[in-house]
Structures are given as C-alpha cells and as structure tokens.
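In what follows, a structure is listed as structure tokens, so that the remarks can point back to it.
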Amino acid sequence: MTDIAATPRPSEAVRALDRSLAEDLERLRTEGLLRPLRVLETPQGHDVGIGGRRLINLSSNNYLGLNTHPRLIQASVEGARQWGAGTGAVRTIAGTQTVHELLEERLAAFKHTEAALSFQSGYTVNVGVLAALLEEGDVVVSDRLNHASIIDGIRLTKADRILYEHRDLDDAERALSEARGKGYRRVLLVTDGVFSMDGDVAPLPGLVERAEHYGAAVMVDDAHATGVLGDHGRGTTDHFGLHGRVALNIGTLSKAVGVVGGYVAASRTVRDHLIHRARPFLFSSSHPPGVVLACVAAIDILEGDAGQELIDRLWTNTRHFKAGLEGLGFDTGASETPITPVMCGEAETAMRLSDMLVERGVFAQGIGYPTVPRGRARVRTIVTATHTREELDRALEAFADAGRRLGLLR
Ligand SMILES: *Cc1c(COP(=O)(O)O)cnc(C)c1O
C-alpha cells in the first residue's frame, strides 16, 4: 500500500480531474451502483475467503475448477522454468515460441477447425477480429444483447451495422435481407453462443441457415459455451452439429479453461489474415509461456474422460440448483445453462440481495446497468462442477430466506 503521507500534493489540474470524476461517482452512488471491489483472500474455488469469512462462491466463470487443477499448476510452473516468465515481445516480432503454436494446433484440433490463433484475452480477440475483418463497404449483423467486447469491436470498424432483436430469427432474417439488398462486400453475422448475463443459448442452426441463404458468414463467441456445451465441451457449434458452417469460432481461455486468453478457431486463411491485421496481435505482447502451457494442460483434460466427467457433474449441479431456485418461486429468466440470473428489477434490490446473501455465507454478485439494461438488475449465479450438493442446498436456503424478506418469491 502507498503511504498517503508520502504522496506529493497533487497539482490543481490533477485535483480538478478528481473533482470532476467524483461527481460521476456520486451519481453512481445515488443509483446504488457504486460497488467496492470484493477481494478474495484465497484461490478462486467453489468457496472463497472474503473479509475473513468463507463463502460459497456462485460468482465465478470457473465452470470446471480447472484453475486449481494440479496438472495446470504444474504446467504453469514448468512453463515459467523452461521458457521464462514473459516473452518480451509481440507475437509478430519475437514473441512467438514453440509453445504458442502448440496451443494453437491443440485449439484447432479441439474445435475441429483448420487453424486457430490465440490472443491475450477473449475481449481482445473480439475487438481484434472484428476490426481486422470488416472494412468500409462491409456490414455486421449483430444480436442486440451480444457481449460488450463484440460491441466494442464493431465500434472500431468502419463497417455498417444492423442489429437484430435478441435471439429473434425472423428479425435476423430481416437484417440479413436488408444487408444483401445493399451490395456489401463482406456480411458477417455475429452472436454469442451462450449469452453471459441471461444464460440463454443462441438459435445457431436457424441463424446459420439464414446466413447461408443470404450469403453471410457466421461468427459465434463461445466464451460461456466452451467446456460447458457440446462433446467434451467443444461449444455450441459442436452442440448443434454445425462444424464447417461457422466461419469464426471465438473462445476464451479465461472461463472453463481456467487460465487467461482468447482465441479464434477458423480457416488457415483467416488465421493468416489476422496475423497481418489484428491490432492486439500486432501491438500487444504475447502470453507468458506458463499461461500457454497451462492452457494446453486444460485441453488435455477436456479431451479426456476426466473432462467429460467434470462437464457431466457441472450439468448435474446446474439442474439441481436451477430447479431449487425455480421451486422457491424466483424469476430466473430464460436461462438454459449454468448461468442462472435471479431477477430483481431495480439495481438497489439486486445489490441488497447480494449483500444479504453474503451475510448468509453466499457470494453471488449483483449486476446492474450498464452491464444489463435498467430495470433488469439481477443477482447472477454460476454453478460449477466442484460445488458439493450440500453447498448448493445451503446456498438455496440463503436465497430462500433473503428472497422472502425482499419479496422476490412468486
Ligand atoms: C467473458 C466474455 C468475453 C471476454 O473474455 P475474457 O477472456 O475474460 O476477456 C468475451 N465474450 C463473451 C461472450 C464473454 O462472456
């Protein structure tokens, strides 16, 4: 911690900026949206230490508990020992080591595509890919509730954009037909595979069919589907049997894979193009080797029997917890996956519910605007493969008690 007394007195210009930002923060406070960071005093697991207490953790994307798997930790340590703690360069200059290409070959094989290219995170892969693929004279057709990283990627292109209503096939068709009528060069339809705030699944077969009819390519972001849906967790493309018909399969290495990073699994041509055009790839340094080898270890596990067993346990836990919440009378929205929102309406109610859950030994974050629309605030829960049945039942009791007090039960 910095010693405040030793900090030099800030200039008037520095203080003026602080005053102006403090006004914005005050507005957040009045809307109930000002949140302190919750600091974990333990590894990220099915339970976590916060404020000296042990809480059941329903707030992580660590679906399979791989972040603390001995094989990933071993690979991470060995990677650093053999290859160094960092790479000291961007991929295109001197930051590509044997291990980076090994990971990409493994990702391509896992996703059943010709090639793959890794990035620093899921966020950078979306921003990098969309900005690199789309130019003036192109158009992107996008689900209204796509992840922020897709929205930001679209903002960075000079391409036109046409939004369609969330998971609405008729409206997607309207958007595609509008796009074709205008004679664009490239038409790309983009959707999350599993939507991160609602836990619902994209109607991918219908989207792919319509995109093919109108001559559009499809990009699916499987950040919340990899390690969750499909054979051995290969994602929505696999879940729906659409191999070869989805041009760009985006994934993250930061969720079920348990480490950090992002990738696109696609054709060799897409990979070559991105190596020359994707700005996060060109201008930001590559992954430390320990990160890369931990990801390879995760793919080893996913592809084996142990991986499928973890995924099966994830779904058993999901069904149990979801049925419990619904049985109590909570509104859990349209969720079909381990992401289960507990709808609260106003942000203040969601934050209150989250605080009451913490008091009762459960860590589940309240989420409000701008992450979700105003009036659609929620406590978002994510069950993992590593939760015990006893923990899930204790969490349900906490929800029942807090939900009753807040009048959230139907
Ligand atoms: C989490 C998420 C990302 C970002 O992934 P990171 O690796 O955390 O940067 C991208 N897209 C979707 C749909 C996500 O849910």
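The values are calculated or read from the model by the stated rules, or taken from the named source; none is laboratory data. Computed from a predicted structure; not experimentally measured. Don't worry about glycine lacking a Cβ; one is built from the backbone with ideal geometry, like all the others, and counts go over all protein chains shown.
All conditions but one from (1) among the charged types (D, E, K, R); (2) more than 16 Å from the ligand (Cβ to nearest atom); (3) modelled with pLDDT of 95 or more apply to residue 152; the one that does not is (2).
Given the criterion more than 20 Å from residue 262 (Cα to Cα) and buried (at least 17 other Cβ atoms within 10 Å of the Cβ), identify the matching residue among 77, 14, 48, 39. So the residue among 77, 14, 48, 39 that is more than 20 Å from residue 262 (Cα to Cα) and buried (at least 17 other Cβ atoms within 10 Å of the Cβ) is 48. Look at the stretch 307-335 and say how many of its residues are surrounded by 14 or more Cβ atoms within 10 Å (Cβ to Cβ) and among the basic types (Lys, Arg). Residues in the stretch 307-335 being surrounded by 14 or more Cβ atoms within 10 Å (Cβ to Cβ) and among the basic types (Lys, Arg): 2 in total.
Count of the stretch 200-226 residues, restricted to those that are in a loop (DSSP other than H, G, I, E, B) and within 11 Å of the ligand (Cβ to nearest atom), is 6. Annotation: residue 304 fulfils all but one of (1) closer than 25 Å to residue 102 by Cα; (2) buried (at least 23 other Cβ atoms within 10 Å of the Cβ); the unmet one is (2). Among the conditions (1) over 23 Å from residue 316 (Cα atoms); (2) free of Cβ contacts under 8 Å to residues at least 40 places away in the same chain; (3) not acidic (Asp, Glu), the only one that residue 226 does not satisfy is (1). Contact annotation: residue pairs with Cβ atoms under 6 Å, 6 or more positions apart or on different chains, pairing a residue in the stretch 28-43 that is touching a residue at least 40 places away in the same chain (Cβ under 8 Å) and at positive phi with a partner that is part of a helix (DSSP H, G or I) and of a type in the set (Gly, Ala, Ser), are 32/347. Please give the number of the condition residue 263 fails out of (1) closer than 19 Å to residue 104 by Cβ; (2) away from the ligand (no atom under 16 Å from the Cβ). Condition (2) is where residue 263 drops out.
Condition first: touching a Lys or Arg at 6+ places or on another chain (Cβ under 8 Å), closer than 15 Å to residue 262 by Cβ and either among the charged types (D, E, K, R) or assigned to a loop (DSSP other than H, G, I, E, B) (or both). Now tell me which residues in the stretch 283-300 satisfy that. Correct list: 286 only.
Picking from residues in the stretch 128-149 that are of a type in the set (D, E, K, R) and surrounded by fewer than 22 Cβ atoms within 10 Å (Cβ to Cβ), the one that is farthest from the ligand (Cβ to nearest atom) is 136. Looking across the stretch 105-127, the residues that are within 16 Å of the ligand (Cβ to nearest atom), out of contact with any Leu (no Cβ under 7 Å at 6 or more places or on another chain) and outside any loop (DSSP other than H, G, I, E, B) come down to 107, 111, 119, 122, 123, 124, 125, 126.
Each residue in the stretch 161-196 was checked for being of a type in the set (Lys, Arg) and not in a loop (DSSP other than H, G, I, E, B), and 3 pass.
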